[in-house]
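Colleague: This is the structure, below, for whatever I ask next.
The values are calculated or read from the model by the stated rules, or taken from the named source; none is laboratory data. Nothing here was measured: the structure is a model prediction, and the numbers come from that model. A quick note on method: Cβ atoms are made from the backbone with ideal geometry, for glycine too, and the neighbour counts reach across all protein chains shown.
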Amino acid sequence: MSNDSLPSPDASPDTSSISFTALYTGHVWAANGLSAPAFRTRMGSFYYHALAPFEYIGGKIAGGNIRTFLLQRHYLIDHLVTRAIEEEGVTQVLEIACGLSPRGCRFTAKYPQLKYIEADLPEMADRKQKLLAQADALSPLHQAVALNALATEGPESVESVIRESFDADKPLLVITEGLVNYFDLESINHFWVRLRATLAANGGGMYLTDNYPLLHDHPFYRTMKVLRGMLGTVSRSRVSFHFGSDAEAQAHFEAQGFAPVTVHNPKDYYDLLPMPRSRGNPFVRVIEGRV
Ligand SMILES: C[S@@+](CC[C@H](N)C(=O)[O-])C[C@H]1O[C@@H](n2cnc3c(N)ncnc32)[C@H](O)[C@@H]1O
């Protein structure tokens, strides 16, 4: 594993200091035509414009910027979810750490029979539930509920949300986007192990997450380390890049019992999806782990 993770946890289950980052990503989706007007926030717009000069410089110097990898991961996850629904008949989705992601609205509009539960820390889940109501997107099949990925018991645990919200006989597709790198590997691995066990005890399924391998030969290596420090400070969390290569990430998920595991690189989808391109090897991957 990468030795570049920050020191290990006494993982506090209160990680709400991370939640403001959802306003920024929410604005990225809105500014790029992926979202509904209801999901725009004043603070999101403020962060978006405040970062614009760095984005410009990042694009010029490093051949990619934050928006590039956010859009790459978002389009790629959308594509894998579409494929699971259309080609494998998946009918239920749990999007953890949903923030202001518009994915639930887009997918339930396109697939009205789909059960799509969005989940986040209580305050953000509450906010999302209200926004879904405003966007006229609430239904028994589409709700936002409270879930804390670090809770090992009680109604906010992933085990409880899956038990209460989904049909145990059917496969479940679980997404985390923009969550796992706010935790060191040990903390987030507890969540992965519990998630896999819960899916295995039910109808199986698939897990999709974004990941950022800290590739030592990547031109972005130093930038990534700086970004990690800045993001860790402002979100008061243990921002970590968990793996030093795609092979390491794949081996880790396989060792936790996911099989098969595929690491998707956005550059393999440039011709298929309308995502922005990085100048070199992209910064982000999407991991698909089957149960
Ligand atoms: C960077 S935002 C990503 C939001 C959304 N997935 C997106 O891509 O726009 C991180 C999200 O993680 C949520 N979060 C933080 N700690 C969490 C935890 N322990 N369990 C579940 N969600 C958490 C935050 O509230 C926030 O909505």
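Colleague: Might you check whether a residue that is at pLDDT below 90, away from the ligand (no atom under 13 Å from the Cβ) and in contact with a helix residue (DSSP H, G or I) (Cβ under 7 Å, 6 or more places away or on another chain) occurs anywhere in region 25-39?
Modeller: The answer is yes, given that some residue of region 25-39 is at pLDDT below 90, away from the ligand (no atom under 13 Å from the Cβ) and in contact with a helix residue (DSSP H, G or I) (Cβ under 7 Å, 6 or more places away or on another chain).
Colleague: If I ask for residues that are more than 20 Å from PHE20 (Cα to Cα), within 16 Å of the ligand (Cβ to nearest atom) and assigned to a strand (DSSP E or B), which ones from region 100-138 would you list?
Modeller: TYR116, ILE117 - these are the residues of region 100-138 that are more than 20 Å from PHE20 (Cα to Cα), within 16 Å of the ligand (Cβ to nearest atom) and assigned to a strand (DSSP E or B).
Colleague: Can you find even one residue in region 42-53 that is within 11 Å of the ligand (Cβ to nearest atom) and at pLDDT 95 or above?
Modeller: no
Colleague: Looking only at region 100-119, count how many residues are within 21 Å of THR15 (Cβ to Cβ) and either in contact with a Gly (Cβ under 6 Å, 6 or more places away or on another chain) or surrounded by fewer than 20 Cβ atoms within 10 Å (Cβ to Cβ) (or both).
Modeller: 2
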